[in-house]
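Colleague: One structure follows; several queries about it will come next.
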Amino acid sequence: MEAERVSFLEISLAFVLGNGKMFLSQMQGDFFMHELGVTQEIFNIVMREAKKHGAKRVLKVEVEVGEFSTIEPEPVKLYFEVVSKGSIAEGAEVEVRKLPIRVKCNSCGHEYTAEKYDLTCPRCGSIDVEIIGGRELIVTKIDVE
Ligand SMILES: [Zn+2]
């Protein structure tokens, strides 16, 4: 028997890790987000949405994480297996995509994507820059049946 497959977007539940402005000088700090806690949060979102949609089983979860969040895909996949044990999401495939760090230069206004440890403005060389993207953790899609 072919199960009914439903897909839906989860953009409204997107949440951003960290707040406010983040300058280059602060990047040396211990910006650390433990993947287990993050995965628990992803699992909570998945279960809440699955319940809302009357799902019997969760087949696949797609997640996007900002490069700046320091969240690595592999631990998230492993932890998801652990936290989903015994739930309708057990065995679900987890796909984690990385989003680049997006930066805006406060000196010249240039917006660009940057590597994690070099946020210097490529146009004017300024380090007075602001992170405008890259801290996200977004559950973009959940496939259920
Ligand atoms: Zn600049």
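Please treat every number below as a calculation from the coordinates, not as lab data. Model, not experiment: these values are computed from the prediction. Glycine also receives a Cβ, built like all others from the backbone with ideal geometry; neighbour counts cover every protein chain displayed.
Colleague: Return the FRET efficiency for the residue pair Lys116, Leu36: r is the Cβ-Cβ distance, R0 is 25 Å, and the value is rounded to the nearest 0.05. Spell out each step's value before the answer.
Modeller: On the way: r = 21 Å, r/R0 = 0.86.
According to the calculation, E is roughly 0.70.
Colleague: Relative contact order of segment 67-132, please, whole-number percent, based on alpha carbon pairs below 8 angstrom and at least 6 residues apart.
Modeller: Across segment 67-132, relative contact order equals 28 percent.
Colleague: To make sure I understand, if each residue's beta carbon is the centre and we count other beta carbons within 10 Å, what order do His53, His110 fall in, fewest to most?
Modeller: His53, His110
Colleague: Note down the nm distance, to one decimal, between modelled labels 7 Å out along Cα→Cβ at Val82 and at Ser126.
Modeller: 4.4
Colleague: Could you list Tyr112, Tyr79 in order of exposure, starting from the residue whose Cβ has the fewest other Cβ atoms within 10 Å?
Modeller: With the sparsest Cβ surroundings first, the list reads Tyr112, Tyr79.
Colleague: Would you mind checking which residues have amide H under 5 Å from Lys98's amide H? H placed 1.01 Å from N; only 5 or more apart, or other chain.
Modeller: Val65
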